[in-house]
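Bear in mind that the values in this text are calculations on the coordinates, not laboratory data. Bear in mind that the values here come from a model prediction, so they are computed numbers and not experimental data. For neighbour counting, all protein chains shown are included, and Cβ atoms are generated from backbone atoms with ideal geometry for every residue, glycine included.
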Amino acid sequence: MRNWISALTLGVSLGSAHAATLDQPQARALAQEAYVFAYATVEHDKVLSAIAAKLPFNRLYSEPRLFGPQDDKVVSPNNDTFYSRALLDLRGEPQVLDVPAVQGSYYSFQLVDMRTDNLDYIGTRATGNQAGRYLIVGPDWQGDLPKGFSGMVRSPSRLVFLLGRTEVKGETDRKDAANVLTGYALRPLSGVQGGSTPQALPALQLPLYQDTRHGPAQALFSTFNALAPLHQWTAREQEQLARFAAIGIQPGAPFEPPAALREAIAQGAEAGREQVRAASSRLSVEQQGWFRSPTNVGKFGNDDLTRAAVAWRYIYANDAVEAVYPMALHDVQGQVLDGRNAYRLHFPADQLPPVDAFWSLTLYDGRTQLLAANPIQRYSLGDRSPDLRYDPDGGLTLILQPNAPVVAQQANWLPTPEGPFNLLLRLYLPMAAALDGRYRLPTIARVEP
């Protein structure tokens, strides 16, 4: 790893020689491009550093509770599953994930690299519900899959975020779902095979997360420089990094912008942040208030703006085949959803979400993208919600408003906060109609309270 970092640093340092040839507009444009390129990796650090502060690397932590408003480390968290999480430090040796047989319920382990791309999945869709043992390796490990393993996941990152989701079907299912969590196990390869333990490496130190939405935008570059050596960049990405070196972006080095270009770089970073923020509100073409999930979520390739916009709005979104996330910011008339108003969200009888697992509608505060506190502690509704009242024709109407409706309608009520809010309709294991656009999303109409 040390030789690779040295080679990359040398390559980008050569690019810094061109700093003297940049004029102010060029430096501003380059900083804006670099901000979009780096944003997702740095926003990823919010979770990485928070977990690392409380949990050792290569330790799986499963929590038998559903997230609420107090959980502020991940934007747009779900309220459907128990979460499991671990930070896999793959510099020294691979890690091994064991999973039990999980019958009758959905589960998945999503593996996220430093660019916030999803690697291969482990779970109901990808590997089945039988018990299995999976090897997770970084870019520096060479070898073949040992006998007795069900599969192998290769990562271009030396640090991988392992995010597990285990379905909770309702209050009565919490105990069974919690039992599933006890069957997950994470161990180093040497601990499984009984061989010698690799020589210990220096402790991995992650930079302290700095709020990407407030404060000087160029602070993002310091965090990015610290994180960049943990990823094996593609040839194209290394070319970009070589250009960014002219404004002080160099993996493993302090961020030190050229003095003569400092103001232009700061302005470019601010423009980059505004570009990401704006893009997060138009991730696809709006249809009656809804934005469908971009088709390349989780596998962004060279589309850094979508990568950044997704990180801003709902980081760690699954691949579409695992789950899709239509998002609503407006009602059917194009007006911003606002908790001062009352709305009715209607699914026609033949247009309930087409899924092979389950679906839910979750409401978030429009300013923070976090779950909005409310007196009845209800943050989502879906096909597992108890006592939902369906329309006489088999359709479903959900009530979105700040005050409780009449008793007969309260099972269908999702309380709204003061001010703007937005909605995510999650479809886990979506059917073909949800993937190819044939599924018609529900209407959201403002009504008199």
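Label-point separation (nm) for Arg384 and Ala131, each offset 7 Å from Cα along Cα-to-Cβ?
With each label point 7 Å from Cα toward Cβ, the separation is 2.4 nm.
Packing-wise, with mean Cβ within 10 Å as the measure, how do 333-340, 221-228, 426-433 rank, highest first?
Per-residue mean Cβ counts within 10 Å order the peptides as 221-228, 426-433, 333-340.
For the range 286-447, which semi-axes, largest first and in whole Å, follow from the square roots of 5 times the eigenvalues of its Cα gyration tensor?
Sorted largest first and rounded, they come to 25, 19, 14 Å.
With the convex hull built on the Cα atoms of the range 63-221, state its orientation-averaged projected area in nm².
If you wrap the Cα atoms of the range 63-221 in a convex hull and average its projections, you get 11.3 nm².
Does anyone have the angle between helix 262-280 and the longest principal axis of the chain? Alpha-carbon axes, 0 to 90°, nearest 10?
Helix 262-280 and the main axis of the chain meet at about 30 degrees.
Which of the trypsin sites (Lys or Arg not before Pro) found in the range 64-114 are loop residues per DSSP with 15 or fewer other Cβ atoms within 10 Å of their Cβ?
Filter output for the range 64-114: Arg65, Lys73.
Among the aspartates and glutamates, which have Cα under 19 Å from the Cα of Lys147 when same-chain residues fewer than 8 positions away are ignored?
Glu93, Asp98
Mind checking which lysines have their Cα closer than 19 Å to the Cα of Lys73? Skip sequence neighbours fewer than 8 apart in that chain.
Partners found: Lys46, Lys54.
Relative to the longest principal axis of the chain, what angle (0 to 90°, nearest 10) does the C-alpha long axis of helix 235-244 take?
70
I want to check the label-to-label distance for Leu201 and Val406. Put each point 7 Å from Cα in the C-beta direction and report it in nm to one decimal.
Going from the Leu201 label point to the Val406 one covers 6.4 nm.
Any aspartates and glutamates with Cα under 19 Å of the Lys175 Cα? List them, leaving off those in the same chain fewer than 8 positions away.
The reachable aspartates and glutamates, counting only those whose Cα sits under 19 Å from Lys175, are Glu63, Asp80, Glu167.
With θ taken as phi - 60° and the coefficients 6.51, -1.76 and 1.60, list the Karplus ³J(HN,Hα) couplings across the range 105-118 in order, rounded to whole Hz; mark glycine and proline as x.
Each residue's phi maps through the Karplus curve to give 9, 8, 8, 7, 10, 9, 10, 10, 8, 5, 8, 6, 7, 7 Hz.
Can you give me the angle between helix 2-15 and the longest principal axis of the chain, using Cα atoms only, in degrees from 0 to 90, rounded to the nearest 10?
That helix lies at roughly 80 degrees to the long axis.
When you count, for each residue, the other Cβ atoms within 10 Å and take the mean per peptide, how do 154-161, 293-300 rank with the highest first?
The most tightly packed comes first, giving 154-161, 293-300.
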